[in-house]
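Engineer: Sharing a structure below in C-alpha cells format, with a few things to ask.
Coordinate-derived values only; no laboratory data. What you see is a predicted model, and the numbers here were worked out from it, not measured in a lab. We place every Cβ from the backbone using ideal geometry, glycine too, and count neighbours over all the protein chains shown.
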Amino acid sequence: MHELSVAGAIVDTVVRAAEGRHVSAVRLRVGHLRQVVPDSLAFYLEIVSRETVCEGAAFEQVAVEAWLRCRGCEESWQVTEAAFRCPACAGSDVEVLSGEELEVESIEVEENAACTA
C-alpha cells in the first residue's frame, strides 16, 4: 500500500514542476527494488491527481531492472530473485548498479493551457 504515498510524492513533484500549466503526460522510471506494484501505482496516481494540473495526464511507468556488482570479484548480474550473493564467487559484498530508481523522467505540459487547480 506504499504506492499511495509514492503516488502523492510523484504528483506533488509534477505539480511543482508544471508551474500552473496542465500536464498531459508523465514518464516515470521505477526500479524493481522499489517493490512498487505497477497497477496499484497507476490506480493511486489517477486518484491523487484529481483536481490538480495532473488530472487526466497519462502516467507511463518504465521498469528499471535491478543489477548488482560484486565488490570482491567485480562480477555484475541482473537480479532475478531475492538472493544478493554473487553468482561467480558467492560473495555478499555487493553494490546496487540499478533498480532503486524512482524518478520523474519527463513531463509534458500544455503551454497555452493555464490551470488554477
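Engineer: Suppose every Lys and Arg Cβ carries +1 and every Asp and Glu Cβ carries -1, with no other charges. What dipole size does the chain come out with about its Cα centre, to the nearest 20 debye?
Structural biologist: 200 debye
Engineer: Helix-derived [θ] at 222 nm for the chain: sum -39500 (n - 2.57) over DSSP H runs of at least 4, divide by residue count, nearest 500?
Structural biologist: Value at 222 nm, helices only, nearest 500: -7500 deg cm²/dmol.
Engineer: Additional query: Could you pull out the GluC sites (Glu not before Pro) across the stretch 1-49 that fall in loop regions by DSSP (anything but H, G, I, E, B) with no more than 10 other Cβ atoms inside 10 Å?
Structural biologist: Counting only loop positions with at most 10 other Cβ atoms within 10 Å, the GluC sites (Glu not before Pro) in the stretch 1-49 are 19.
Engineer: Rounded to the nearest 10 degrees, what's the angle between the helix 3-18 long axis and the longest principal axis of the chain, both from Cα atoms, 0 to 90?
Structural biologist: On a 0 to 90 degree scale, this one is about 60.
Engineer: I've got another one for you. Please determine, in degrees from 0 to 90 and to the nearest 10, the orientation of helix 38-48 with respect to the longest principal axis defined by the Cα atoms of the chain, where the helix direction is its Cα long axis.
Structural biologist: 30 degrees
Engineer: Next question. Taking every Cα atom in the chain, find the radius of gyration and the maximum pairwise distance Dmax, and write them in Å.
Structural biologist: When restricted to the Cα atoms of the chain, Rg and Dmax are 17.8, 58 Å.
Engineer: Which of 58, 42, 17 moves most in a GNM of the chain, Cα contacts under 10 Å?
Structural biologist: Comparing 58, 42, 17 in a Gaussian network model of the chain, the most mobile one is 17.
Engineer: Arrange the following residues from fewest to most other Cβ atoms within 10 Å of their Cβ: 52, 80.
Structural biologist: Result, fewest neighbours first: 80, 52.
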